[in-house]
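Asker: Pasting in a structure now, in structure tokens, and then I'll have a few things to ask.
The values are calculated or read from the model by the stated rules, or taken from the named source; none is laboratory data. Here the structure is a predicted model, which means the values were calculated and not measured. FYI the Cβ positions are ideal-geometry reconstructions off the backbone, even for glycines, and counts take in every protein chain you see.
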Amino acid sequence: MFPARVRNLHRLLQFRHTRWCSASCGKASSSSRLVLGIETSCDDTGAAVLDETGAILGESLHCQTLVHLRTGGIIPMVAQQLHREHIERVVQEALDRSGVLPSQLSAVATTVKPGLGLSLGIGLEFSQKFVRTHNKPFIPIHHMEAHALTVRMLQPVAFPFLVLLISGGHSLLAVARGVDDFLLLGHSLDEAPGDSLDKVARRLSLVKHPLCSTLSGGRAIELLAKDGDRARFPFRTPMGQMYDCCFSFAGLRNNITMTIKKQEAEEGIEQGTLLSCVNDIAAATQHSVAAHLAKRTHRAILFCKENGLLPSHSPTLVLSGGVASNQYIRKAISIITETTGLQLLCPPAKFCTDNGVMIAWNGVERLREGKGILPPDVDVSYEPKAPLGVNMMEEVKAAAIRLPSIRMKIPN
Ligand code: KG4
Ligand code: ZN
């Protein structure tokens, strides 16, 4: 049975009207309000200035990937120090490129949750000083809300729509019903898919591979998988007996690590040396992650259909977050959306990975609706953990939807 609160939400949904504000490029019109967005939730220092139509007037991004590849993963204090060293320059660059003065801004939007506490703290401290100095409103941003809404900067997408957000820190399925109105259908019970891909890449020492030395783990696996045989190591898709929309990647990663150890023993090589079957392991890893994401998404779509959570005309799935830049995963998800009659929308890769633009856009959306805009002197705390939306996971679990089988024949 569906709980009363959700039935009430349904009723509300029928009366919701969504204004669409189209994205355009070029200069801000003189009447358009301007928002500076600042992102430091993980390992990217980003800033951007947008006008109300979604035109990007100036942006700057400093990625820490290379440093973290050398240190074997993100060390929070290293990430913090790099944010500290770069934030002022990155924000100034975004402002200079936009030709906008701080006095011309209508608000500053900054990621304050969820993420690495030490990283979030740098962006928040900088932003609070900035808004106080220039006497500007402050808009605290939820990083996953920003990933979910980015697509609306690029094309007209009306609420409600389903989102699958997959990144280095998170994976979640939610119905986006408004700028600050989400129904959470499922999330990861252990680690995020990007984290798993990064760890597998590290265990395979892909940083020593001539083609991968500068690539994030996820990108390295995607590249090597193109020339791999995914059928050589058939890893079991996680959570086959759990009929909900949650994810789990830790067990899969453990199986992959065991396979890597076995192959190292067979080839007589030590950990830290590249295996000859590295492409096949990459392909099998990528396929298992894609199949798991696709199955949970399939169930989420069926749940939404059963409960009328998406419009009957042109229901949409939005796929975003760093891992969504993976073309193989996009194809896997597109098989599900084609089968179920949804349109699939993915922002281009540069807007899937973390950046200041998506935070500024979230600020624009909130400014337009007058939601969550604070005066400059209000003290705001960062929150390393912060769920997104109303938790519907029990209802999804209770529905226990069985999936029809679908052949995941994904071309490389
Ligand atoms: O969204 P994002 O930039 O940062 C977080 O919010 O976590 O996502 C970063 C993650 C990393 O784990 C990275 O390995 C993964 O996205 N990633 C990819 C690809 N590009 C980045 N994973 C798979 N395939 C890719 N092409
Ligand atoms: Zn992210």
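Asker: Ser248 is checked against (1) in contact (Cβ under 8 Å) with a residue 60 or more places away in the chain; (2) crowded, with 19+ Cβ neighbours inside 10 Å; (3) in contact with a His (Cβ under 9 Å, 6 or more places away or on another chain) and fails just one. What number does that condition carry?
Answerer: Exception for Ser248: condition (2).
Asker: Under 6 Å between Cβ atoms, at least 6 apart or on separate chains: pull out the pairs that start in region 73-84 with a residue that is loosely packed, with under 15 Cβ neighbours inside 10 Å and end on any residue that is not β-branched (Val, Ile, Thr).
Answerer: Hits for this filter: Pro76/Leu116; Pro76/Leu118.
Asker: Condition first: more than 18 Å from Glu369 (Cα to Cα) and in contact with a Ser or Thr (Cβ under 8 Å, 6 or more places away or on another chain). Now tell me which residues in region 127-142 satisfy that.
Answerer: Those that are more than 18 Å from Glu369 (Cα to Cα) and in contact with a Ser or Thr (Cβ under 8 Å, 6 or more places away or on another chain): Ser127, His134.
Asker: So, one more: Out of the residues in region 294-328 that are more than 17 Å from Ala176 (Cα to Cα) and among the small types (Gly, Ala, Ser), state the one that is farthest from ligand 2 (Cβ to nearest atom).
Answerer: So the residue we want is Ala294.
Asker: Here's a follow-up. For region 171-198, name all the residues that are within 12 Å of ligand 2 (Cβ to nearest atom) and either aliphatic (A, V, I, L, M) or in a strand (DSSP E or B) (or both).
Answerer: Listed by number, the residues that qualify are Ser171, Leu172, Ala192.
Asker: Among the listed residues Lys331, Lys409, which satisfies the condition of being modelled with pLDDT under 95, among the charged types (D, E, K, R) and either surrounded by fewer than 14 Cβ atoms within 10 Å (Cβ to Cβ) or closer than 19 Å to Gly194 by Cβ (or both)? Walk me through how you get there before you give the answer.
Answerer: Working: Lys331 fails: modelled with pLDDT under 95.
Residue meeting the stated conditions: Lys409.
Asker: Next question, about the same structure. Could you please let me know if Lys199 is more than 21 Å from Cys352 (Cβ to Cβ), surrounded by fewer than 24 Cβ atoms within 10 Å (Cβ to Cβ) and touching a residue at least 40 places away in the same chain (Cβ under 8 Å)?
Answerer: no
Asker: Related question: Are any residues in region 363-388 in a helix (DSSP H, G or I) and not hydrophobic (A, V, I, L, M, F, W, C), and if so, which ones?
Answerer: Residues satisfying the conditions are Gly363, Glu365, Arg366, Arg368, Glu369.
Asker: Looking at (1) modelled with pLDDT of 95 or more; (2) among the polar types (S, T, N, Q); (3) not in a strand (DSSP E or B), which one does Thr45 not meet, given that it meets all the others?
Answerer: Unmet condition: (3).
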